[in-house]
Amino acid sequence: MLSLKEFVKLTEFIYRKTGIMIEEKKFNSLAPKFEAVIKRRGYPTFRTFFHDLRFSRDDTIMQEIINLVTINETYFFRENYQFETLIKYVLPELDKIRDKEEVIRILSAPSSTGEEAYSIALTLLNEGKLVEKRDFEIIGIDIDTNVIEKAREGIYNKRSVQFAPPHLLVEYFTKEGENSYRISQFLRDAIDFRVVNVMNRLEMKRLGKFDIIFSRNMLIYFDEKSRKEVALTFYSMLKPKGYLFLGHAESASRIVSVFKTKKLGDSIIYQKG
């Protein structure tokens, strides 16, 4: 059995790698899952497992642990007022100040199983005029390989699509069986989903610069130091006058002072100067 001391040692290592804080009160729920990984991979002791976790070139060990601790609760058009702000205020403003040949780049981080990134695309298609005027690129990233694979597959249950406008559900989804909906192939091809750790500055830098970053309900799981680090990474990745969308319980102004806070429509969002 995994001891509390070993559990703390493992969760501290996870924190250093990902910024995700795991409290000791999670011991009873997470320890059996960690034990299952150790047993399934054939390690006789926690010590031998932890050694390979730190030093082995086999990245799948760490990835399996990461996939156990990430939280992926989402659905289509979650906090829909932010998508309304995107289409009514943010994109028209960027359309005016960006060169007409410039691609508007949008990042969803974390993308989880893809609902947010697809909701952005569906919002653009529903408005119609902007996608006729210029090109858009949407990238979704997550540290969890399982959810990225699900995002690429694009299959969702009734709960995930319950708040999608009915006409979009009809036009862009195909019903599969009683309880599943598959998003259209052209949307699956249009969005680039990648496995990326937001705490890895080099991986983030390789994604390039963005006009808009959606990062909703991720920073609340980080401690103050990690939140600041990620917020500054986002700032560096935004183009001038670019925007950051956070969840309703998050505030960039309480983390770092570099963003300009703006209220557009019903949303509080953050702009790079």
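Residues ILE269, ILE220 ordered from highest to lowest accessible area at a 1.4 Å probe: ILE220, ILE269. Computed from point charges on the beta carbon alone (+1 for Lys and Arg, -1 for Asp and Glu), the dipole magnitude for the stretch 103-149 about its Cα centre is near 320 Debye. Once log10 I(q)/I(0) by the Debye sum over Cα atoms at q = 0.09, 0.11, 0.12, 0.13 Å⁻¹ is calculated for the structure shown, the corresponding label among (1) -0.46, -0.67, -0.79, -0.91; (2) -0.57, -0.82, -0.95, -1.07; (3) -0.40, -0.60, -0.71, -0.83 turns out to be (1). Legend: distances between Cα atoms for LYS17/LYS262; LYS205/LYS241; LYS209/LYS272; pairs beyond 22 Å are LYS17/LYS262.
Applying the Karplus relation 6.51 cos²θ - 1.76 cosθ + 1.60 with θ = phi - 60° to the stretch 13-20 yields 3J(HN,Hα) values of 5, 4, 4, 4, 7, 10, x, 7 Hz, where x marks Gly and Pro. Spin-label model, LYS133 to THR60: label points 7 Å out along the Cα-to-beta-carbon direction sit 4.8 nm apart. Taking amide H positions as modeled 1.01 Å from N, with prolines and chain starts lacking one, the residues under 5 Å from PHE210 and 5 or more places away or on another chain are LEU238, LYS239. A simple rule links phi to the HN-Hα coupling: the Karplus curve 6.51 cos²θ - 1.76 cosθ + 1.60 with θ = phi - 60°, which for the stretch 190-200 gives 6, 9, 9, 9, 9, 8, 9, 9, 4, 7, 9 Hz, with x for Gly and Pro. Computed over the chain with a Gaussian network model linking Cα atoms closer than 10 Å, the most mobile of ARG206, ARG182, ARG105 is ARG206. Under a model in which nothing but the beta-carbon of Lys, Arg (+1) and Asp, Glu (-1) is charged, the stretch 161-239 shows a dipole of about 400 debye around its Cα centre. Sorting ILE97, ILE14 by solvent-accessible area of protein heavy atoms yields ILE97, ILE14, largest first, with a 1.4 Å probe.
Rounded to the nearest 10 degrees, the angle from helix 60-69 to the longest Cα principal axis of the chain is 70 degrees. Distance between the 7 Å Cα→Cβ label points at GLU171 and HIS51: 6.0 nm. Sequence-distant contacts, meaning Cα pairs under 8 Å at least 6 residues apart, place the relative contact order of the chain at 18 percent.
A quarter of the convex hull surface defined by the alpha-carbon atoms of the stretch 119-234 gives 8.4 nm² as the mean projection. Ordered from highest to lowest accessible area with the whole protein assembly present and a 1.4 Å probe, PHE27, PHE77 read as PHE27, PHE77. Determine the share of the chain's accessible area contributed by carbon and sulfur atoms, expressed in whole percent, with a 1.4 angstrom probe. With neighbouring chains kept in place, the figure for the chain is 50 percent.
The length gained by stretching the chain between ASN72 and LYS9 to full extension, at 0.36 nm per residue less their Cα-Cα distance, is 20.3 nm.
Note on the chain: with charges restricted to the Cβ of Lys and Arg (+1) and Asp and Glu (-1), its dipole about the Cα centre is near 760 debye. The stretch 237-254 and the stretch 103-182 have their alpha-carbon centroids 21 Å apart. Computed over protein heavy atoms with a 1.4 Å probe, the accessible surface of the stretch 82-236 works out to 48 Å² per residue.
Within the straight-line cut-off of under 19 Å between alpha carbons, the lysines reachable from LYS158 are LYS150, LYS175, sequence neighbours fewer than 8 places apart in one chain being disregarded. Projected label points at GLN185 and GLU203, each 7 Å from Cα along the beta carbon direction, are separated by 3.1 nanometres. Sequence-ordered 3J(HN,Hα) estimates for the stretch 79-85 from the Karplus curve with 6.51, -1.76 and 1.60 and θ = phi - 60° stand at 6, 4, 4, 6, 5, 5, 4 Hz, glycine and proline given as x.
Once the gyration tensor of the Cα atoms in the stretch 184-260 is diagonalised, the equivalent ellipsoid follows with semi-axes of 22, 14, 14 Å, ordered largest first.
The values are calculated or read from the model by the stated rules, or taken from the named source; none is laboratory data. Predicted, not measured: the structure shown is a model, and the values here were computed from it. Methodologically, a virtual Cβ is constructed for each residue, glycine included, from the backbone with ideal geometry; neighbour enumeration extends over all protein chains shown. Heads up: the accessible areas ignore ligands, DNA and RNA and are worked out on the full protein's heavy atoms, side chains in. Shrake-Rupley method; radii C 1.70, N 1.55, O 1.52, S 1.80 Å.
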